[in-house]
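Heads up: the structure comes next, in structure tokens.
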Amino acid sequence: MSRALLIDASVALKLALANEEFTAETTHLFTSAILLGYRLVVPPHFHGEVVNVLYQRTHTTRVELRLPLDDAAAGIAGIESQPFDVVPRPPSP
């Protein structure tokens with residue numbers, strides 16, 4: 001049985017965007033998990049959350065948080081390049 005690590009969109013974005021808080025720690029976590037053979041899994045709504053965060057960051061009025069569109073596009077490309085497996089939501093009882 002393989003081990004899996006469930007990845008949250010907010011954590012994955014720290015890996016994909018430059019200059020985010022805890023980027024170095026996130027990179028270390030992902031690298032270690034992959035080297036140890038973990039399967040990186042994401043929930044079905046993961047990509048929607050990623051796009052929503054990037055949209056919010058490109059449209060914020062808070063200058064210190066604003067993200068240029070090119071950086072948002074690079075963030076999406078960075079997320080898409082990761083070996084994430086989307087796991088379906090279990091059926092409701």
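Of all residue pairs spaced 6 or more apart or on separate chains, those with beta-carbon atoms under 9 Å, a first member in the stretch 10-29 that is free of Cβ contacts under 8 Å to residues at least 60 places away in the same chain and a second member that is part of a loop (DSSP other than H, G, I, E, B) and open to solvent by 40 Å² or more (accessible area, probe 1.4 Å) are 11/22; 14/20; 14/21; 14/22; 26/20. Scanning the stretch 68-86 for any residue that is part of a loop (DSSP other than H, G, I, E, B) and in contact with a Ser or Thr (Cβ under 8 Å, 6 or more places away or on another chain) turns up at least one such residue. With respect to the conditions (1) aliphatic (A, V, I, L, M); (2) under 15 Å from the mean Cα position of the chain (by Cα); (3) open to solvent by 50 Å² or more (accessible area, probe 1.4 Å), residue 35 lacks only one, and its number is (2).
Being modelled with pLDDT of 90 or more, open to solvent by 50 Å² or more (accessible area, probe 1.4 Å) and more than 12 Å from the chain's Cα centre (by Cα) is a property that holds for residue 69.
When residue 14 is tested against the conditions (1) at negative phi; (2) surrounded by fewer than 16 Cβ atoms within 10 Å (Cβ to Cβ), the lone failure is (2). Looking only at residues of the stretch 72-93 that are of a type in the set (Gly, Ala, Ser) and either under 20 Å from residue 4 (Cβ atoms) or within 11 Å of the chain's Cα centre (by Cα) (or both), we find that the one that is least open to solvent (accessible area, probe 1.4 Å) is 75. Looking at the stretch 16-27, is at least one residue under 22 Å from residue 87 (Cβ atoms) and at pLDDT below 90? Within the stretch 16-27, one or more residues are under 22 Å from residue 87 (Cβ atoms) and at pLDDT below 90. Within the stretch 42-54, can one find any residue that is touching a residue at least 12 places away in the same chain (Cβ under 8 Å), touching a strand residue (DSSP E or B) at 6+ places or on another chain (Cβ under 9 Å) and assigned to a loop (DSSP other than H, G, I, E, B)? Scanning the stretch 42-54 turns up at least one residue that is touching a residue at least 12 places away in the same chain (Cβ under 8 Å), touching a strand residue (DSSP E or B) at 6+ places or on another chain (Cβ under 9 Å) and assigned to a loop (DSSP other than H, G, I, E, B). Within the stretch 1-15, the set of residues being farther than 12 Å from residue 54 by Cβ and either among the hydrophobic types (A, V, I, L, M, F, W, C) or more than 8 Å from the chain's Cα centre (by Cα) (or both) comprises 1, 2, 3, 4, 5, 6, 7, 11, 15.
Picking from residues in the stretch 1-35 that are in a loop (DSSP other than H, G, I, E, B) and in contact with a strand residue (DSSP E or B) (Cβ under 9 Å, 6 or more places away or on another chain), the one that is farthest from residue 70 (Cα to Cα) is 2.
The values are calculated or read from the model by the stated rules, or taken from the named source; none is laboratory data. Everything numeric here is computed off the predicted structure, so don't read it as measured data. All Cβ positions, even for glycine, are placed from backbone atoms using ideal geometry, and neighbour counts span all protein chains on display. Surface accessibility is based on the protein's heavy atoms, side chains included, excluding ligands, DNA and RNA. Shrake-Rupley method; radii C 1.70, N 1.55, O 1.52, S 1.80 Å.
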